[in-house]
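S.K.: First the structure, which I've put down as structure tokens, then a few questions once you've had a look.
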Amino acid sequence: MKVLRTPAELREVRERNRASSEKVGLVPTMGYLHEGHNSLLKAAREQADIVVMSLFVNPTQFRAGEDLSSYPRDEDRDFAIAEQAGVDLIYAPDPGDVYPSGFATEVEVTGLTEVLCGSEDGRGPGHFSGVTTIVAKLLNAVDPDFAYFGQKDAQQASVIKRMAEDLDFRTEIIVLPTVRERDGLAMSSRNAYLSPESRERATAIWAALLETERTYPEAGLDAALDAGVHHLQTAGIEPEYFEARYPGTLDPAIDDSEEAILVAVAAQVDGTRLIDNILIEPGKKGSTK
Ligand code: AMP
């Protein structure tokens, strides 16, 4: 496994193997790896000849006052996990090399980025332009055949798919299911912030989504969303949002929809902001977790 620290090093390695017919898979991460990341690495290892993992806590997707400085980091441990997962190249640059002085470009997807986590009450629209700018830079530099993202960050996946299509990236964007703890809590690097009590309380998030899925077929969408919110509130959690939208456009979903519906939630649990979602397939009245 080779570690690359600068855009120039990455470019040099990619120039050398670009001519080969080997397929390249990219897994972008902010590190502090867990089984969710591992599932992406595993898929990449199975599908691609060369697996590239980026490890970069991207400062531009954090708002002032968010957890940029305290975001959990453990590079040695991440490198060991990546090696174990069969990663060929790790790209772990310094922010100063990614955004050198004079950097002035922003890649922005409109519309989809202004709702849910992108609203002013959430992380703000600037969050997603931070994400799309770094992902565009990575897709451009690595030029992968496949790039892997988690359904855990459903809005991010929709925004990146939109961007890749709009900007004619040749990369196939692959979105893989959310990996959960045994009690249903979606794995997240931020779970490390939770005290034992908060960790216990956080299980209400997935339970609330299941409650919405369960009640939807008979009660209808509005009542099912209310049931989910009620479940959260009973556990002492006030959601920042708990909404039903279509996964492609992120437009609000309506009752008796023919299409799959994404129910997405964000909530602070004792000061830690967690997100999760469920895809409800109305036809099947089941879910893709
Ligand atoms: P992060 O390091 O949190 O930026 O996540 C890197 C990638 O891993 C993103 O595409 C996430 O959606 C994905 N990811 C994070 N948590 C999970 C999870 N629990 N299951 C599946 N994918 C995940």
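S.K.: Using DSSP to call loops (not H, G, I, E or B), can you name the GluC sites (Glu not before Pro) in segment 31-123 whose Cβ has at most 16 other Cβ atoms within 10 angstrom?
M.R.: Values: sites: GLU35, GLU46, GLU66, GLU75, GLU83, GLU106, GLU108, GLU114, GLU120; in loops: GLU66, GLU106, GLU108, GLU114, GLU120.
Qualifying residues, ordered by number: GLU66, GLU106, GLU108, GLU114, GLU120.
S.K.: Once a ≥ b ≥ c are taken as the square roots of the eigenvalues of the Cα gyration tensor of segment 2-176, is the result rounded (a/c under 1.5), prolate (a/b larger than b/c) or oblate (a/b not larger than b/c)?
M.R.: rounded
S.K.: Let me ask you something else. Quote the charge dipole size of the chain about the Cα centre in Debye, to the nearest 20; the model charges only the Cβ of Lys and Arg (+1) and of Asp and Glu (-1).
M.R.: Working: 29 positive and 49 negative charges, 166 e Å.
About 800 debye.
S.K.: Kindly identify segment 189-277 as rounded, prolate or oblate by the Cα gyration tensor criterion: order the square roots of the eigenvalues as a ≥ b ≥ c, call it rounded if a/c is under 1.5, otherwise compare a/b with b/c, prolate if a/b is larger, else oblate. Intermediate results must be reported in sequence, preceding the final value.
M.R.: Details: a/c = 2.74, a/b = 1.76, b/c = 1.55.
Prolate, because a/c is 1.5 or more and a/b exceeds b/c.
S.K.: If you take the square roots of the eigenvalues of the alpha-carbon gyration tensor of segment 140-289 and sort them as a ≥ b ≥ c, do you get rounded (a/c under 1.5), prolate (a/b over b/c) or oblate?
M.R.: Working: a/c = 2.24, a/b = 1.27, b/c = 1.76.
Verdict is oblate for segment 140-289.
S.K.: In whole percent, what relative contact order does segment 189-277 give with Cα contacts below 8 Å and a gap of six or more residues? Each step should come with its number before you reach the end.
M.R.: On the way: 128 pairs, mean separation 24.5, N = 89.
Once normalised by length, the contact order is 28 percent.
S.K.: What ranking do HIS231, HIS37 get, fewest neighbouring Cβ atoms within 10 angstrom at the top?
M.R.: Ascending number of Cβ neighbours within 10 Å: HIS231, HIS37.
S.K.: Could you tell me which residue out of ASN140, GLY118, GLN84 lies farthest along the dipole of the chain toward its positive end? Charges go on the beta carbon: Lys and Arg +1, Asp and Glu -1, centred on the Cα centre.
M.R.: Value: GLN84.
S.K.: Give me a comma-separated list of calculated 3J(HN,Hα) values for segment 23-34, in order, Karplus coefficients 6.51, -1.76, 1.60 applied at θ = phi - 60°, integers in Hz, x for any Gly or Pro.
M.R.: Along segment 23-34, the couplings run 7, 10, x, 10, 10, x, 9, 9, x, 6, 5, 9 Hz.
S.K.: Using amide H atoms built in the peptide plane, which far-off residues or other-chain residues are under 5 Å from LEU4 H to H?
M.R.: ILE90, TYR91, ALA92
S.K.: Quick one: compute the contact order of the chain, relative version, from alpha carbon pairs under 8 angstrom and 6+ residues apart, as a percent.
M.R.: Values: 526 pairs, mean separation 46.9, N = 289.
Reported as a whole number, the value is 16 percent.
Just so you know, all these numbers are worked out from the coordinates, no wet-lab data involved. Since the structure is predicted, the reported quantities are computational estimates derived from the model, not experimental observations. Don't worry about glycine lacking a Cβ; one is built from the backbone with ideal geometry, like all the others, and counts go over all protein chains shown.
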